[in-house]
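Enquirer: Structure incoming, see below.
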Amino acid sequence: MNELKNLIKGRLWLPGDAGFDEARTPWNLSVNQPVAAVVEATGADDVAATVGYAALHGLTVTAQASGHGAVAAEGVILLRTHLMDGVEIADGVARVGAGAKWGEVLAAAGPLGLTGLAGSSPVVSVAGYTLGGGVGWFGRKYGLASSRVLAADVVDAAGARARVTAESDPELFWALRGGGGDFVVVTGLEFALDPAPVLYGGRVTWPLERAPEVLAAYREVTARAPEELTVWFDLMKFPGAPGFVAIDCTYLGEHPGELLRPFDAIGGTISDSRAVLPVADLGSICAEPTDPTPGAGRVELLTGLDDAVADVLLADPIDPLISVQVRHLGGALSRPSGGAAGRFTEPYLAYMVGAPLPGTAERMDALSKALVPHTSGRKPYTMLHPGEQAAAAFDASALARLRDLKRARDPHGVIRANYPVLGA
């Protein structure tokens, strides 16, 4: 594979090379990637050369900007795109490279009174998140991140570059709006930004014994929340520290007025960071790790949040998990997105996070099983975890359509997403 080195401007690492292990390690340090080679691409030409080489030699390429959603892809060429991180904004449209992160987009968009439809972390890559749909903070008002895609610069399974729009390639354009990265390698995205002239948000925390009151207030608030307001409920327990309960919120406006009053009526707060904040500081609300870290997760979409679900969530301590979070969906997320991601009719999402320690998987299994009567079985594509399949993210007709496209555009499997659409 040394000849690939002469075809690219970036770097190539092979097993045994100094730096190979570091280059193949994803952001999620708990995932081992036993790849055949790592290419650090400097631009779209490097991507095209790498994919063309793989096609010629019967190899497979997996693209990765950061590796938040990494899986153990064995024997592939790992195409690292993190250096392709350009961000340009003009006329309400963001043009970003495959390695751009959400924090960079928000920092550029915020001073213009605009925002992208980012999630909770500023260091997640825009491309991977958006290709998988992207369920973020402002989804209740504006929908999935994928619904805002206007164009994509791609490299196909033969190594040819192309620009994809609704007019130039409607079927691939539909697939790239939430169907994942299993069809082409995306080197750049263009997407519409949305208004956010003023943003209010933050976190309120209480001692864990207040959890029943906080969850009751959460159910009350979310039952009547306008689409501008998004609130998440958190049960949290860090190693060596007492557990606590929290709500995280954003409001597209100066202040939500009386909408959050049920929380204000609960005494004994530990902290309250709610305030008007710059869009660029969106990631500070949840304060998730920004450096690589090992982690494990599980997501369930909830069909409701009645007394039975509340009893399950509060029945037992969450240990050894770090967090069990309930996110409010609905609003624009429940309406058609115009792409493969479809829509989410489920009103809530339960998100479990833990370190990869003994008992973590078993605790997630137990909680998921207890929630089964109240879950739909569907998973957001960007929140799939190792052991799950892409089929869980799509309805039957969308999955069939995606599989037909994969067979037509990449019959030899040159390009591989974290969760291939042709998986079992």
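Values in this text are rule-based calculations from the coordinates and carry no lab data. Here the structure is a predicted model, which is why all the values come from computation and not from measurement. Counting neighbours? That spans all protein chains shown, and the Cβs are built from the backbone with ideal geometry, glycine included.
Enquirer: Compute, for the chain, the length of the dipole vector about the Cα centre, with Cβ point charges of +1 (Lys, Arg) and -1 (Asp, Glu) only. Units Debye, rounded to 20.
Expert: 660 debye
Enquirer: Residues with beta-carbon under 12 Å from that of THR60, excluding THR60: net charge, scoring Lys, Arg +1 and Asp, Glu -1?
Expert: That sum, taken over residues with Cβ under 12 Å, equals -2.
Enquirer: Over region 200-380, with a single point scatterer placed on each C-alpha, what log10 of the ratio I(q)/I(0) does the Debye formula yield at q = 0.08, 0.14, 0.17 1/Å?
Expert: At q = 0.08, 0.14, 0.17 Å⁻¹ the computed log10 ratios are -0.25, -0.80, -1.22.
Enquirer: For an R0 of 45 angstrom, estimate the FRET efficiency from the Cβ-Cβ distance between ASP311 and LYS9 and round to the nearest 0.05.
Expert: Here the calculated transfer efficiency is 0.20.
Enquirer: For region 234-323, which GluC sites (Glu not before Pro) are both in a DSSP coil and crowded by at most 14 other Cβ atoms within 10 Å?
Expert: GLU254
Enquirer: Under 12 Å Cα to Cα from LYS9, which aspartates and glutamates show up? Leave out anything in the same chain fewer than 8 places away.
Expert: Counting by Cα, and skipping residues close in sequence, LYS9 has these aspartates and glutamates nearby: GLU40, ASP45, ASP46.
Enquirer: Find the relative contact order for the chain and round it to a whole percent, using C-alpha pairs within less than 8 Å whose residues are 6+ positions apart. Could the numbers behind the result be given before it?
Expert: Working: 1002 pairs, mean separation 74.5, N = 424.
Relative contact order for the chain comes out at 18 percent.
Enquirer: Compute a Gaussian network model of the chain, connecting alpha carbons closer than 10 Å, and tell me which residue from THR269, THR382, THR165 fluctuates the most.
Expert: In this elastic network of the chain, the residue with the biggest mean-square fluctuation among THR269, THR382, THR165 is THR269.
Enquirer: What shape does region 290-424 have by the C-alpha gyration tensor, where a ≥ b ≥ c are the square roots of the eigenvalues, rounded means a/c under 1.5, and otherwise prolate means a/b greater than b/c and oblate the rest?
Expert: It comes out oblate by the Cα gyration axes.
Enquirer: Then there's this: Taking square-rooted eigenvalues a ≥ b ≥ c of the alpha carbon gyration tensor, is region 2-80 rounded, prolate or oblate, where a/c under 1.5 means rounded and, failing that, a/b exceeding b/c means prolate?
Expert: Working: a/c = 1.58, a/b = 1.53, b/c = 1.03.
It comes out prolate by the Cα gyration axes.
Enquirer: I need the semi-axes of the equivalent ellipsoid of the chain: take the C-alpha gyration tensor, multiply each eigenvalue by 5, square-root it, list largest first in whole angstrom. Before the final figure, lay out each step's value.
Expert: Working: eigenvalues 261, 108, 82 Å².
Semi-axes (√(5λ), whole Å): 36, 23, 20.
Enquirer: How high is the relative contact order of region 88-217? Use alpha-carbon pairs under 8 Å, at least six apart in sequence, and give a whole percent.
Expert: About 30 percent, as a whole number.
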